[in-house]
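The values are calculated or read from the model by the stated rules, or taken from the named source; none is laboratory data. The shown structure was predicted, so the numbers you read here are calculated from the model rather than taken from an experiment. No Cβ is skipped: glycine too gets one built from the backbone with ideal geometry, and neighbour counts run over all protein chains shown.
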Amino acid sequence: MPTEQYDFIIIGAGLSGIYAASLLSQKKQSFVVLEARDRVGGRILCPGYSGYVADLGPSWFWPDINPRIAGLIQSLKLTEYPQYDTGKGRFQSMDGRVQTISRCPMEQEAWRISGGMITLVDGLQKTIPEDKIRLNHPVCEIKKKGNHALVNVGKLGQPPFCRYQSSRIILALPPRLAAATILFTPDLSCEMTQAMLKTSTWMAGQAKFFALYDVADWRDAGLSGQAFSQSGPLGEIHDGSNHAGGPFGLTGFVGIPAVQRRNKQVVIQATLQQLHRLYGEKADKPMTVFYTDWALERYTATEYDQRAAHDHPRYHPPSGHACIWDGILCFAGSETSDVFGGYLEGALASAERSVRAAFP
């Protein structure tokens, strides 16, 4: 089997991996990006309908505290707009009763991107040669061989269908996913492996729902679209509309545990009934709905992610080491960033760090 050789191998085509590839393109380095899925973006997922794109992964950024994302949006000439939060909110108690509450703005003003967060990935992808991203390429093994590493692609326990070699590997995957799905040779230390497995993957235990409407009846009723519920299925809801005209949307995070939401249609029907109670009879008749359970995404979640992390952990490189194997293997991905770990900002910061490590 022939082995392709590059200056860098990037594993993962989420925002961090694609950004690292863009930075390497600017530096005229040879590289390849290996992505297990049949698409780029990772946890950035944006299906479209009637000219609108729904963010089923990250939805917001905060320009006042996210300078990397704000700068990238500017350089890519994208359009941003503030999260709609005009009007009162709704609260649903454990017994299902609904009441109107005062407006509950976010601590920092949140912004969205016209066309969805996937426009970040699409814009960066245009700076990368087309043949450098290999989809449907799940990495199953990484072997250190002297001053370089071999990367096998395929299914663990079976002969790989292709192999790559490089002296620099950028592992742009959540550490927990990497530890659970990739065989490392030589074995990583117990301390490193445990640190990777204990690093929860943000959103991996979450499910997200999106409903689109031709009119925003909740706005006409003086409501912001923001709601909080103790009974669910959605625990948190926001207005997810376009910034200029329809369609209009309500989006939210499913609050029930992953083991209780195996039946997609049951969850969707229960959610529409909840929206009816919160926003009236038309709310359960959207033009279309989108639903993604990240706990069922094998290239995002592991068996350890069935319980969603509702508060952001304090992320940092696994076991405190951003690079191992004498600098051959460097960690990227939002969960390895000590700057806004788990957020899009952290994904960019970790990519910058991993590329910078090769150019001291």
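Points worth noting:
- The set of residues in segment 68-91 being assigned to a strand (DSSP E or B) and either over 21 Å from the mean Cα position of the chain (by Cα) or within 16 Å of residue 344 (Cα to Cα) (or both) consists of 80, 88, 89, 90, 91.
- The lone criterion from (1) assigned to a strand (DSSP E or B); (2) closer than 23 Å to residue 255 by Cα left unmet by residue 94 is number (1).
- Candidate set from segment 146-162 (those that are at pLDDT 95 or above and in contact with a strand residue (DSSP E or B) (Cβ under 8 Å, 6 or more places away or on another chain)); member that is surrounded by the most Cβ atoms within 10 Å (Cβ to Cβ): 151
- Taking the conditions (1) modelled with pLDDT of 95 or more; (2) buried (at least 18 other Cβ atoms within 10 Å of the Cβ) in turn, residue 285 satisfies each one other than (2).
- Condition check for residue 301: surrounded by 17 or more Cβ atoms within 10 Å (Cβ to Cβ), outside any loop (DSSP other than H, G, I, E, B) and in contact (Cβ under 8 Å) with a residue 60 or more places away in the chain: no
- The condition of being assigned to a loop (DSSP other than H, G, I, E, B), more than 17 Å from residue 122 (Cβ to Cβ) and of a type outside the set (A, V, I, L, M) holds for only one of 63, 58, that being 63.
- The one condition in (1) touching a helix residue (DSSP H, G or I) at 6+ places or on another chain (Cβ under 9 Å); (2) surrounded by fewer than 20 Cβ atoms within 10 Å (Cβ to Cβ); (3) part of a strand (DSSP E or B) that residue 215 fails to fulfil: (3)
- Just one of the listed residues (73, 44, 113, 101) is at pLDDT 95 or above, β-branched (Val, Ile, Thr) and either touching a Gly at 6+ places or on another chain (Cβ under 6 Å) or surrounded by fewer than 19 Cβ atoms within 10 Å (Cβ to Cβ) (or both), and it is 44.
- Hey, residue 326 over 23 Å from the mean Cα position of the chain (by Cα), at positive phi and either surrounded by fewer than 23 Cβ atoms within 10 Å (Cβ to Cβ) or hydrophobic (A, V, I, L, M, F, W, C) (or both) or not: yes
- For segment 160-181, residues that are without any contact (Cβ under 8 Å) to a residue 60 or more places away in the chain and assigned to a loop (DSSP other than H, G, I, E, B) total 1.
- Strands (runs of 3 or more DSSP E) contained in segment 228-297 and holding at least 2 residues closer than 17 Å to residue 52 by Cα and hydrophobic (A, V, I, L, M, F, W, C): 248-254, 288-293
- Matching residues, segment 339-360, being assigned to a loop (DSSP other than H, G, I, E, B) and buried (at least 17 other Cβ atoms within 10 Å of the Cβ): 339, 340, 341, 342, 343, 358
- Filter pass, residue 222 being surrounded by fewer than 21 Cβ atoms within 10 Å (Cβ to Cβ) and small (Gly, Ala, Ser): yes
- Enumeration of residues in segment 305-338 that are among the charged types (D, E, K, R), modelled with pLDDT of 90 or more and either within 19 Å of residue 24 (Cβ to Cβ) or not in a helix (DSSP H, G or I) (or both): 326, 338
- Residue in segment 168-194 that is surrounded by the most Cβ atoms within 10 Å (Cβ to Cβ), counting only those that are in contact with a Ser or Thr (Cβ under 7 Å, 6 or more places away or on another chain) and over 28 Å from residue 45 (Cβ atoms): 192
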